[in-house]
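**Student:** The structure that follows is given in the form of structure tokens.
The values are calculated or read from the model by the stated rules, or taken from the named source; none is laboratory data. None of the values given here were measured: they were computed from a predicted structure. Here Cβ is always computed from backbone atoms with ideal geometry, including for glycine, and neighbour counts include all displayed protein chains. Accessible surface areas use protein heavy atoms only, side chains included; no ligands, DNA or RNA. Shrake-Rupley method; radii C 1.70, N 1.55, O 1.52, S 1.80 Å.
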Amino acid sequence: GCDASVLLDDTANFTGEKNSFPNANSLRGFEVIDDIKSQLETMCPNVVSCADILALAARDSVAELGGQRWNVPLGRRDSLTASLDQANSDLPAPFLDLDGLIAGFQKKNFTAEEMVTLSGNSIINSLKLPHQTWASQGPVSLVT
């Protein structure tokens, strides 16, 4: 979700979202966000949330590949818990057809165009492209 709950590992108190049915074998790159967060924590401790890092990463990856660019309001707070059950019920299943995807996104008040933008980022991230991280490109800039 927008609170970066997907980044949380399982604990004794909850089972996280990383291995939910819709996320299994589709999400990766957690170490990239961890690296960015570590760098930011050394420069400005307790200022930038992982949720903001994810939002900026999504925007920048879409824009880098020629897609839309948008302003990202900052100030999100990171979740302290996650829910495997919610991830399994709220995220679109990987086998849905176009009509099923549109209906699912409409239930969350997204337009078909917004669904395509969000889904495009997911598809791009699933491609087997040469691995390159922001950390390897120098300091992280939060200037938008």
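**Student:** Under 7 Å by Cβ, and 6 or more places apart or on different chains, what pairs join a residue from the stretch 93-119 that is open to solvent by 70 Å² or more (accessible area, probe 1.4 Å) with one that is in a loop (DSSP other than H, G, I, E, B)?
**Tutor:** Within 7 Å, the pairs are PRO94/PRO22; PRO94/SER26.
**Student:** For the stretch 69-91, give me each residue that is open to solvent by less than 100 Å² (accessible area, probe 1.4 Å) and of a type outside the set (A, V, I, L, M, F, W, C).
**Tutor:** PRO73, GLY75, ARG76, ASP78, SER79, THR81, SER83, ASN88, SER89, ASP90
**Student:** For the stretch 12-45, how many residues meet the condition of being open to solvent by less than 70 Å² (accessible area, probe 1.4 Å), farther than 23 Å from GLY104 by Cβ and part of a loop (DSSP other than H, G, I, E, B)?
**Tutor:** 3
**Student:** Picking from LEU56, LEU65, LEU91, LEU98, which residue would you name as being out of contact with any Gly (no Cβ under 9 Å at 6 or more places or on another chain) and at pLDDT below 90? Walk me through it before giving the result.
**Tutor:** On the way: LEU56 fails: at pLDDT below 90; LEU65 fails: out of contact with any Gly (no Cβ under 9 Å at 6 or more places or on another chain); LEU91 fails: out of contact with any Gly (no Cβ under 9 Å at 6 or more places or on another chain).
Just one listed residue meets the conditions, LEU98.
**Student:** Does the stretch 70-97 hold any residues that are among the polar types (S, T, N, Q) and assigned to a helix (DSSP H, G or I), and which are they?
**Tutor:** Answer for the stretch 70-97, where residues must be among the polar types (S, T, N, Q) and assigned to a helix (DSSP H, G or I): GLN86, ASN88, SER89.
**Student:** Moving on to the next point. Hey, any hits in the stretch 47-54 for a residue that's surrounded by 14 or more Cβ atoms within 10 Å (Cβ to Cβ), under 14 Å from the mean Cα position of the chain (by Cα) and assigned to a loop (DSSP other than H, G, I, E, B)?
**Tutor:** Filtering the stretch 47-54 for residues surrounded by 14 or more Cβ atoms within 10 Å (Cβ to Cβ) gives 48-54.
The next check asks that each one be under 14 Å from the mean Cα position of the chain (by Cα); those that pass are 49-54.
Adding the requirement that they be assigned to a loop (DSSP other than H, G, I, E, B) leaves 49.
Checked against the condition, which is being surrounded by 14 or more Cβ atoms within 10 Å (Cβ to Cβ), under 14 Å from the mean Cα position of the chain (by Cα) and assigned to a loop (DSSP other than H, G, I, E, B), the stretch 47-54 yields at least one hit.
**Student:** Could you check the stretch 61-83 and list, in sequence order, the residues that are over 11 Å from ALA4 (Cβ atoms) and touching a residue at least 60 places away in the same chain (Cβ under 8 Å)?
**Tutor:** Taking the stretch 61-83 as the starting set, the residues that turn out to be over 11 Å from ALA4 (Cβ atoms) are 61-75, 81, 83.
SER61, VAL62, ASN71, VAL72, LEU74, THR81, SER83, listed by residue number.
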